[in-house]
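Peer 1: Here's a structure for you.
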Amino acid sequence: MNNRVFLKPKILLWNTRIFRNVFGDFPIGRIKYDKNNWKPRLIELENARVLFKECFVVNEQGLMYDEINEPMGQEISLVHSHLSIPKPERTGCVCAVLPSSNNYFHWMFETLPRIKMLEGQGYDNLIVDLSKTFKAESISKLSKKQVIDSSKTQHLVVDKLLCPTMPCKTGHPTKEVCDYLREHFLPKEKGKKRRIYISRSKASKRKVVNEVNLIDFLERHWIETVELEGLSVSEQAKIFSEAELVIGLHGAGLTNLVFCDKKTRVIELFNPNYLNKCYEDLSNLMGLDYKNMFCDDTMDFDISVDFDKLWELIK
């Protein structure tokens, strides 16, 4: 079966001429893979290019690998959202690359565990995006290799490139992936047990419109409010490892459920027009006591929480 598919550019997003000047008289194509019969692996490429801070990997033939840069259900790769390509820089070193997303969930479950695949491999530099604080902190904890920051070097030609593929299906972390994160980020010592509500007050979307009253209601029931923005991965891991109850609106902060003890109670809040089961699946994988609650609909996927309905799940 031919698994090579050349992409049809979206004219508004992709300057075809720019890409053809770099890669020849053809557009970038994708090498698809069978997700039902696939295992994580290490792909070795020669004279490969690494593009933009997301680390899109393109081989000598102008092809990308879906199992390296997962398109996440998109027909067109996000590489084509860039309107220009910086001039290439070349390195003669052996490099490894970690494609990444700015989303905390995908970073934790689909980027960081690739480092394990690189253990024992001989390479000099690690190409990865360090533009976010949580990225720089977690990479420094898991790897001692010299880093080439892809947010600063956005077009690199590498003589020999080691490319670990997706460690799991996107959105579906495995037990091995979770164990790897727990091994490296769980604290050696824990504090007393806590009942926590994860606020999204600083988020750009999916917010609780009556959060001021909600926080007052929760505090009267000995449930503290936590804002995760600005905390390191290790600090977030410690908070969740101490939690006996976690309440939160669907969002990337619930990635930290991976650090909870078994039987920790979880209540995930949803807008009725949006359901994503990734944290229910993660909770089941980690042995947590998971429940969800559909709240009143407001604009832009925000919600209004019914306190009586929530209390029925808490008590």
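The values are calculated or read from the model by the stated rules, or taken from the named source; none is laboratory data. From a predicted model like this one, the values you see are computed outputs, not experimental measurements. We place every Cβ from the backbone using ideal geometry, glycine too, and count neighbours over all the protein chains shown.
Peer 1: For the structure I just gave you, tell me whether residue 49 is crowded, with 20+ Cβ neighbours inside 10 Å, part of a strand (DSSP E or B), at pLDDT below 85 and of a type in the set (D, E, K, R).
Peer 2: no
Peer 1: Report, by residue number, each residue of the range 278-312 that is surrounded by fewer than 14 Cβ atoms within 10 Å (Cβ to Cβ), over 17 Å from residue 244 (Cα atoms) and under 24 Å from the mean Cα position of the chain (by Cα).
Peer 2: 300
Yes or no, residue by residue, for (1) in a helix (DSSP H, G or I); (2) of a type outside the set (Asp, Glu):
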residue	(1), (2)
96	no, yes
106	yes, yes
110	yes, no
115	yes, yes
135	yes, yes
139	yes, yes
144	no, yes
157	no, yes
162	no, yes
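Peer 1: If I go through the range 93-109 residue by residue, how many of them are in contact with a Cys (Cβ under 7 Å, 6 or more places away or on another chain) and within 15 Å of residue 55 (Cβ to Cβ)?
Peer 2: Within the range 93-109, residues that are in contact with a Cys (Cβ under 7 Å, 6 or more places away or on another chain) and within 15 Å of residue 55 (Cβ to Cβ) number 4.
Peer 1: Also, I was wondering about something else. Does residue 5 count as surrounded by fewer than 20 Cβ atoms within 10 Å (Cβ to Cβ), at pLDDT 90 or above and touching a Gly at 6+ places or on another chain (Cβ under 9 Å)? Spell out how you get there, then give the answer.
Peer 2: Working: surrounded by fewer than 20 Cβ atoms within 10 Å (Cβ to Cβ): yes; at pLDDT 90 or above: no; touching a Gly at 6+ places or on another chain (Cβ under 9 Å): yes.
Taking the combined requirement at face value, the residue does not satisfy it.
Peer 1: Do you know which residues across the range 208-261 are surrounded by fewer than 19 Cβ atoms within 10 Å (Cβ to Cβ), touching a Leu at 6+ places or on another chain (Cβ under 9 Å) and of a type in the set (Phe, Trp, Tyr)?
Peer 2: Residue satisfying the conditions is 217 alone.
Peer 1: In the range 242-275, which residues are without any contact (Cβ under 8 Å) to a residue 60 or more places away in the chain, of a type in the set (S, T, N, Q) and in a loop (DSSP other than H, G, I, E, B)?
Peer 2: If the condition is that a residue be without any contact (Cβ under 8 Å) to a residue 60 or more places away in the chain, of a type in the set (S, T, N, Q) and in a loop (DSSP other than H, G, I, E, B), then 264, 273 are the ones that fit.
Peer 1: In addition: Could you please let me know if residue 160 is assigned by TED's automatic domain parsing to the domain that holds residue 100, under 21 Å from residue 67 (Cα atoms) and of a type in the set (D, E, K, R)? Outline the logic, then answer.
Peer 2: Values: assigned by TED's automatic domain parsing to the domain that holds residue 100: yes; under 21 Å from residue 67 (Cα atoms): yes; of a type in the set (D, E, K, R): yes.
It is true that residue 160 is assigned by TED's automatic domain parsing to the domain that holds residue 100, under 21 Å from residue 67 (Cα atoms) and of a type in the set (D, E, K, R).
Peer 1: Looking at (1) surrounded by 12 or more Cβ atoms within 10 Å (Cβ to Cβ); (2) not in a helix (DSSP H, G or I), which is the one condition that is false for residue 178?
Peer 2: Going through (1) surrounded by 12 or more Cβ atoms within 10 Å (Cβ to Cβ); (2) not in a helix (DSSP H, G or I) one by one, residue 178 breaks only (2).
Peer 1: Another question about this same structure. Going through the range 60-85 one residue at a time, which ones are of a type in the set (S, T, N, Q), at pLDDT 80 or above and buried (at least 20 other Cβ atoms within 10 Å of the Cβ)? Working first, answer last.
Peer 2: Filtering the range 60-85 down to residues of a type in the set (S, T, N, Q) leaves 61, 69, 74, 77, 81, 84.
Filter again for at pLDDT 80 or above, leaving 61, 69.
69 - this is the single residue of the range 60-85 that is of a type in the set (S, T, N, Q), at pLDDT 80 or above and buried (at least 20 other Cβ atoms within 10 Å of the Cβ).
Peer 1: Only one of 283, 232 is farther than 17 Å from residue 173 by Cβ and in contact (Cβ under 8 Å) with a residue 24 or more places away in the chain. Can you tell me which? Break it down into steps so the answer makes sense when it comes.
Peer 2: On the way: 283 fails: farther than 17 Å from residue 173 by Cβ.
The conditions single out 232.
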